[in-house]
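Structure first, then comments.
Here, each number is a calculation from the coordinates, and none is a lab measurement. Keep in mind that what you see is a predicted model, and the values were worked out from it rather than measured. Neighbour counts run over all protein chains shown; Cβ positions are idealised from the backbone, glycine included.
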Amino acid sequence: MDSQRQRRVAKQVLHAVSDIVETQVKDPRLGVITFTDARVSADLRHAVVYFSLLPNGPSQASTAEILAGASGFVRRELGRTLGLRYTPSIRFEHDETVETAERIDRLLTSVGPRDEEPGAKDR
């Protein structure tokens, strides 16, 4: 169960990380990244930031590697931005929600329309 403070700090971390990566991380290998969520530990010392990518963009593994390499810089800038007593360490993870939703949609489409239940017209 997340506390109100954890949720508030996670929201601040999400917005700040998004802004820092968009405006200050200058790596030409990075494609379009969307930061979807952030989770902060109860002691506010660790944060996991989730990201998703465009389907035809760079691979998830290479993007995660680039972000991991920039995590020290992002953390330093995050400390300047948030002004917390302790700046949380940042770990980036790929958010698979979009891919999972697309896979479910494809499966539902492949099944096709359901036949009506027997006796449904008699009602």
Study note, to complete from the structure: Looks like the range 28-83, by Cα gyration tensor root eigenvalues a ≥ b ≥ c and the a/c under 1.5 rounded cutoff (else prolate when a/b is bigger than b/c, oblate otherwise), is prolate
Review point. Considering the dipole of the chain built from charges on the beta carbon (Lys and Arg +1, Asp and Glu -1) around the Cα centre, which of 70, 51, 110 is farthest to its positive end?
Key: 70
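Which percent, nearest 5, of DSSP beta bridges in the chain are antiparallel?
Of those bridges, close to 55 percent are antiparallel.
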Review point. If R0 is 22 Å, what FRET efficiency do you get for residue 5 and residue 27 from their C-beta distance, rounded to 0.05?
Key: 0.10
Study note, to complete from the structure: Relative contact order of the chain (C-alpha contacts under 8 Å, at least 6 apart) in percent is 25
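Given the Cα-Cα distance of residue 41 and residue 93 and 0.36 nm per residue of separation, how much length would full extension add, in nm?
Extra length available between residue 41 and residue 93 comes to 17.2 nm.
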Exercise for review: Determine, for 108, 44, 78, the number of other Cβ atoms within 10 Å of each Cβ, and report the residues in order from fewest to most.
Suggested key: 108, 44, 78
Review point. For residue 81 and residue 101, what is the calculated FRET efficiency with R₀ set at 30 Å and r taken between the beta-carbons, to the nearest 0.05?
Key: 0.40
Review point. To the nearest 500 deg cm²/dmol, what mean residue ellipticity at 222 nm is calculated for the chain from DSSP H runs of n ≥ 4 alone, each contributing -39,500 (n - 2.57), summed and divided by the residues?
Key: -16500 deg cm²/dmol
Review point. Which value results when the Cα radius of gyration for the chain is divided by 2.2 N^0.38 Å?
Key: 1.46
Check your understanding: So how strong a dipole does the chain carry about its Cα centre when Lys and Arg Cβ are +1 and Asp and Glu Cβ are -1, to the nearest 20 debye?
Key -> 780
